[in-house]
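Undergrad: The structure is given below, and queries will be raised subsequently.
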Amino acid sequence: MKISLQWLNDHIDVLDYASRSSEMADLLTSVGLEVEAVEDKTLQFKNVVVGHIVKLDRHPNADRLTVCQVDTGDGQPRQIVCGAKNHKAGDKVVVALPGAVLPGDFEIKKSKIRDVESLGMLASESELGLKKESEGILILPAEAPVGTSFAEYGGLNDVIFELKITPNRADCLSHLGLARELSCLLGRPLKSPVAKFKSSSSVVTRKAVGLEVRDTKLCPRYSGRLIKAIKVGPSPSWLKTRVESVGLNSINNVVDVTNFVMMDVGQPLHAFDLAHLKGSKVIVDRATVGEKFKTLDGTELTLTGDELTIRDQERAVCLAGVVGGLNSGVTEGTQDLFIESAHFAMDSVRRTARRHGLQTDSAYRFSRGTDPSGVIGALDRACALIQQVAGGEVAADHWDEYPAPASRKPIAISAAYVSQRLGYSVDEAEMVSVFQRLGCKVVRTAVGGSMEFNLKGSEVYGADEIVYHVTPPEFRMDLEQDVDLVEEFGRLKGYDKIPETLPVFSYAPLSYDKGFVFEQRVAELARSAGLSQAVNYGFTASKFQSEVLGAVEAYRGAGLDMDSHAVALKNPLSEDLDVMRVSLLPGLLRNCLHNIRHGNNEGRLFEEGFAFRRGPEGYQQDARLGFIAWGSHAGLWQKAGDESAVFFDLKARLQYIFDKLLISQVQWTPWNNTPQLVHPSQAATIFIEGRNIGFIGALHPSWAMKEKLRVGVALGEIDLKALMRGQPRSVKFKPVSKFPAVERDIAFVVPKEMRAQDVAAEIKRTAGALLQSIEVFDVFQGGNLPADHQSVAYRMIYQDLQETLTEERLSQLQSQIVANVEKKLSVKVR
């Protein structure tokens, strides 16, 4: 949220902070109102002043240029060459002097234009950043003081603070709210602008507009007033400057007033065109199921019946607290207004805004809570300002339906309790002063005998203890119990005053959970294998998840339990985050696509997290390891146009992890029943010690075509709980042979569909303990080989612990290997 220092000064004297804005930023941040950015508008107009054209001549070398002698208040006219056509001698203009830097990083320098020296520039509104487009230079009124800083003259000498307001501090979502906070911090009095308007006895709200509030639970208070004979038009410069200073667009004088009041006092308002309220009646009620509603920007919504709406006698004209309807908005032809100021239930506004994906300043405030006691004050202020900028006759009466006025219960608290909670001695008088500066009503009570008085029933005060009954103001909805008051005292006193104390350890710390340790170990190995760690939300979009995964039954065949119906969230943050994920793959695929679309055509990611499902004992979460890889360098497996290399690259990285976990018996079994996400001929289940624990596969070509991918993508997922079985495993040591190792190669002609690991397994069985390692080092197709066969070459390393291997013994072993492989697998040695 943006706050203007000039605007803030309407409520509290703080202009002395204009030159030391960083001090105010530090002060606000220290009390929990984090200042994310400070923008000093004055610096944008440094060396930009009001000038007076005292003489104007034609440029000697250019017909379209003029040479102006401009007085800038320093006693010596400046010569400036100008290309505009709308100026003349005697005009007051805006002069950018050498050293000025205008928007777009345009630095003004002393220069020569067609051999004539120019000592500055006469600026237009677009060059000053005040408009997107403008014709000619900016001509100022004749009374503009020469030499004055343009920032000061134009009211642009402001400092804008951008604050990050926590959800519990809805009272600070306005200039008045922040002024209250500063008044408490600085001990300076608040200024209260008085709303004055001239009412007309001939205009009667209650006769012209009917009101019926049918749902007082969702709308505890609703008020409104009629204004007739207004003229809608552009806002005056002061109003336009104010609303634009905090990031809002200027629409027209009426809409700008409602936005101004919202940013000023924190109460959202809405203006209805009375001519478009059918039956001249306002009804506050829920929507009808399936009802169509078109917002001010033309978006058509289908309502569910749960939304609170403002209606006339025929249709909805506003989503209460969220957005107005196109059918009743203020236009240039509007003459009569009904101004709404209301208090809506937070949860109702929040649900409506999230359900329909609407993010408005009004919904932002109502969903965090507004002050019901400020409804009428905001209404009066808006009516006074509308009369000031748009004219009109304001009704003397108004509607105010408030059947159950809100009241705050007192909170019992003592100085001793505050001291005990904060860990240092608290002065009683100072405590009372802080609470009173917060706007609380404080009543001192001397306890005679044992007394129990606390909203939560948690505190018992002794016979001699002084107890204070503190009633918070209505705008501080976050103050509900004694600990809230303790926090406020500690916050305003300064968190740095809380003494540092080391906790006393009476017991030995608990050992880490084995599952946590294992997950940390796997993450460490994945990083060392060259995978970067991704972290995604545990909830995702149901539509996207279904599109990615398809029928989940296929994943169960790979050892991954998935629920075909994802666990839905009752109160989702948005439509894109409406269910709990059943797999890590949709999030990782989204990460991959995001990287590729931003020019990162090669990457390796993994994620450890939970997948969620309904189990026999209720909701369950399964620890998973997900991984995805895209793009690859040229290498052994990379050939021109071959995008399968990334699959083998990812498989090798997973094999590295398994090796480091001392899992030796890993089988990569072809996956026949693949889901729609996975390539049907480039997929394998991961079989470890008697069961499938996951899979790896290339992305299905249809997905690659759909997303227009030009690089190969491989992905997979593993059940971490299944991977954890038998972990951690002990390293088994064996003596190092002092005899040399011997290397031998052998190649077999095998069918293309035969797995290389099947041949390797037979070689291992035949060679026994002499075989130290085996790897595939070459694959050849073509030549004299049959079309459906290929040559796969293996390299073996042999070593004996007892003796040097002789050539005779090695030859016999090689012959035995060839015989066994040819016999059992029906292949031929090459």
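Undergrad: Looking only at the stretch 527-539, decide whether some residue is part of a loop (DSSP other than H, G, I, E, B), β-branched (Val, Ile, Thr) and surrounded by 19 or more Cβ atoms within 10 Å (Cβ to Cβ).
TA: no
Yes or no, residue by residue, for (1) of a type in the set (S, T, N, Q); (2) touching a His at 6+ places or on another chain (Cβ under 6 Å); (3) buried (at least 20 other Cβ atoms within 10 Å of the Cβ); (4) not in a helix (DSSP H, G or I):
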position	(1), (2), (3), (4)
342	no, no, yes, yes
348	yes, no, yes, no
352	yes, no, yes, no
358	no, no, no, yes
363	no, no, yes, no
373	yes, no, no, no
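Undergrad: Give the stretch 375-418 a look and list any residue that's in a strand (DSSP E or B) and either of a type outside the set (Asp, Glu) or free of Cβ contacts under 8 Å to residues at least 40 places away in the same chain (or both), or say none.
TA: Result: 394, 395, 399, 411, 412, 413.
Undergrad: How many of the residues in the stretch 790-830 are assigned to a loop (DSSP other than H, G, I, E, B), touching a residue at least 40 places away in the same chain (Cβ under 8 Å) and of a type outside the set (A, V, I, L, M, F, W, C)?
TA: Qualifying residue count, the stretch 790-830: 6.
Undergrad: Of the conditions (1) open to solvent by 30 Å² or more (accessible area, probe 1.4 Å); (2) at pLDDT 50 or above; (3) part of a loop (DSSP other than H, G, I, E, B), residue 443 clears all except one; give me its number.
TA: Here residue 443 clears every test but (3).
Undergrad: Restricting to the stretch 546-602, and then to whatever is of a type in the set (Asp, Glu) and under 15 Å from residue 613 (Cα atoms), can you tell me which residue is most open to solvent (accessible area, probe 1.4 Å)?
TA: The selected residue is 553.
Undergrad: Next question, about the same structure. Restricting attention to the stretch 131-147, does a residue exist that is in a strand (DSSP E or B), closer than 25 Å to residue 35 by Cα and out of contact with any Ser or Thr (no Cβ under 9 Å at 6 or more places or on another chain)?
TA: Among the residues of the stretch 131-147, not one is in a strand (DSSP E or B), closer than 25 Å to residue 35 by Cα and out of contact with any Ser or Thr (no Cβ under 9 Å at 6 or more places or on another chain), which makes the answer no.
Undergrad: To continue, here is another question. Kindly indicate which of 67, 95, 81 is under 47 Å from the mean Cα position of the chain (by Cα), crowded, with 18+ Cβ neighbours inside 10 Å and part of a strand (DSSP E or B).
TA: Exactly one residue qualifies, and that residue is 95.
Undergrad: Output yes when any residue across the stretch 29-43 is free of Cβ contacts under 8 Å to residues at least 12 places away in the same chain, open to solvent by 40 Å² or more (accessible area, probe 1.4 Å) and among the charged types (D, E, K, R), and no when none is.
TA: no
Undergrad: Those residues that are free of Cβ contacts under 8 Å to residues at least 40 places away in the same chain and closer than 15 Å to residue 665 by Cβ, I need them from the stretch 687-707; list them, please.
TA: Result: 687, 688, 689, 690.
Undergrad: Given the structure, is residue 151 touching a Lys or Arg at 6+ places or on another chain (Cβ under 8 Å), part of a helix (DSSP H, G or I) and of a type in the set (A, V, I, L, M)?
TA: When the stated conditions are applied, residue 151 passes them.
Undergrad: If you take the residues of the stretch 102-116 that are open to solvent by less than 90 Å² (accessible area, probe 1.4 Å) and in a loop (DSSP other than H, G, I, E, B), which of them is nearest to residue 127 (Cα to Cα)?
TA: The qualifying residue nearest to residue 127 (Cα to Cα) is 103.
Undergrad: Which of the residues belonging to the stretch 610-631 are open to solvent by 10 Å² or more (accessible area, probe 1.4 Å) and out of contact with any Phe, Trp or Tyr (no Cβ under 9 Å at 6 or more places or on another chain)?
TA: Matches in the stretch 610-631: 610, 614, 615, 616, 617, 618.
Undergrad: Go through (1) in a loop (DSSP other than H, G, I, E, B); (2) open to solvent by 100 Å² or more (accessible area, probe 1.4 Å) for residue 543 and report which single condition fails.
TA: (1)
Undergrad: Same structure again: Of the residues in the stretch 593-633, how many are in a loop (DSSP other than H, G, I, E, B) and at pLDDT 90 or above?
TA: 6
Undergrad: For the stretch 790-797, state whether one or more residues are farther than 27 Å from residue 648 by Cα and modelled with pLDDT of 90 or more.
TA: No - not one qualifying residue is present in the stretch 790-797.
Undergrad: Which of the residues spanning the stretch 739-771 are open to solvent by 70 Å² or more (accessible area, probe 1.4 Å) and at pLDDT 90 or above?
TA: Residues satisfying the conditions are 740, 743, 745, 764, 765.
Undergrad: Among the residues of the stretch 472-496, write down those that are open to solvent by less than 100 Å² (accessible area, probe 1.4 Å) and either farther than 30 Å from residue 343 by Cβ or among the basic types (Lys, Arg) (or both).
TA: 476, 490, 491, 493, 494
Undergrad: Residues in the stretch 504-525 that are open to solvent by less than 90 Å² (accessible area, probe 1.4 Å) and over 21 Å from residue 657 (Cα atoms): how many?
TA: Selection size over the stretch 504-525: 1.
Undergrad: Take the stretch 264-282 and flag every residue that is over 30 Å from residue 9 (Cα atoms) and β-branched (Val, Ile, Thr).
TA: 282
Undergrad: Follow-up question, since we're still on this one. How many residues are of a type in the set (D, E, K, R) and within 28 Å of the chain's Cα centre (by Cα) if we restrict to the stretch 471-485?
TA: Going through the stretch 471-485 one residue at a time, the tally reaches 3.
The values are calculated or read from the model by the stated rules, or taken from the named source; none is laboratory data. Only a predicted model underlies this, so the values are computations on that prediction, with no experimental measurement involved. No Cβ is skipped: glycine too gets one built from the backbone with ideal geometry, and neighbour counts run over all protein chains shown. These accessible areas exclude ligands, DNA and RNA; they are computed on the full protein's heavy atoms, side chains included. Shrake-Rupley method; radii C 1.70, N 1.55, O 1.52, S 1.80 Å.
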